[in-house]
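Written out below as structure tokens is the structure these notes cover.
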Amino acid sequence: MMAKIKTVFTHIFVWLAYVTIAISAYGYKKSNLDDYIYEIFFSYLQSALLFYAIVFIPLKKYWSQKKYITSLILILVIVAISIGSRFLFAYVISIKLFGVKVSALSLAIDEQMLAYLNQTATFLIAASLFWYKDSRAQLEKELAKQIAENADREKLELELDVLRAQINPHFLMNSLDILRQESAKTDPNVSQGITWFMKVLDAGICPPDPDGKVPLEVETDAILGIINIYERRFHDLQVDCKIEIVNSENLRIQPHVLLPFVENAFKYGDYRDSNQKLEIHLKVKDAQIKLHVFNKKSDRKIHNSNGIGLKYVKRHLESGYPDKHDIKIDETEETYSVNLSINVC
């Protein structure tokens, strides 16, 4: 409601400003000031009616609906009515009702017609420009609303996916810890495997701390956990893993900014080719993180998964580290590599 009131007052102000400028530009004589103001008032009142009639009837109602012929016919009708009303005002209404002869009567009919056409054309162009600008603004507003609705829908779908897949993390971790302790007595190797599996799960399903971050160790342990699990599955695993952490043992980072790249390398990569090993190089010094992941593409069939996609990771990086990260992805027909640097300070 307030927006509509503001718009009305804005239009009134613009018209008053325009009329004031017109009076100042064309000048007037003090002797006929009253008649001049009277004539200007009715002249621009007709112009205003022409302006809004064209905007709201042929343009907004029909041109916007791509009914161009109807719109053009209505514009011609409104223009004809406007010019006719000016003659009617000059020759009948002003004289008969108000007893005032307007200055246009001093001109020949053809000169009057030319003046009226010129004024009508001016406001016809102004109405068209106003409608175009207003339509663009309305379109941008609707587009922004649609983008916001789509974003909310995507967020809701993501939350629903999380809820569908969610298992109580504490229950799961506690259950695995019981199995880890029991298997340690009979098979330490299995117990160690469960330990690494728990580290991967911890990074994936356990919520971050109240500040929205997790210790760097959570992600690095998960990376090592994935490698350990794959080593148990494939004894000929070909992975070149280097993790170097200097003066950053207590560093805290946004979750899911490192691990997904490693997960995707194992998911899509060939990790059993000794000539092109899967590379995972992570260097953390002070508050600088540099991650390099390289893999040869595998030709095995890939099943769909509900893992965290790279689009989400990129959005996560943009949100958590705006202007503080750089990511370069190089992809060929045979290889895929990621180089990520983050300044977490």
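The values are calculated or read from the model by the stated rules, or taken from the named source; none is laboratory data. These numbers were taken from a predicted model, which means no experiment stands behind them. The accessibility values were calculated without ligands, DNA or RNA, using every heavy atom of the protein model including side chains. Shrake-Rupley method; radii C 1.70, N 1.55, O 1.52, S 1.80 Å.
Points worth noting:
- Links that overshoot a 24 Å alpha carbon limit, given the list K133/K314; K61/K133; K213/K283; K213/K297; K4/K141; K61/K145: K133/K314; K213/K297
- 3J(HN,Hα) from dihedral phi, segment 257-262, Karplus parametrisation 6.51/-1.76/1.60, rounded to Hz, x for glycine, proline: 10, 10, 4, x, 5, 6
- In order along segment 132-144, phi translates into HN-Hα couplings of 4, 5, 5, 5, 4, 5, 5, 5, 5, 5, 5, 5, 4 Hz, rounded to whole numbers, per the Karplus curve 6.51 cos²θ - 1.76 cosθ + 1.60 with θ = phi - 60° and x for Gly and Pro.
- Accessible carbon and sulfur surface of segment 189-322 relative to its total accessible area, %, 1.4 Å: 48
- Cα-based Rg of segment 191-343 normalised by 2.2 N^0.38 Å, two decimals: 1.01
- Interatomic Cα distance distribution for segment 172-216, bins of 10 angstrom, percent: 27, 43, 23, 7, 0
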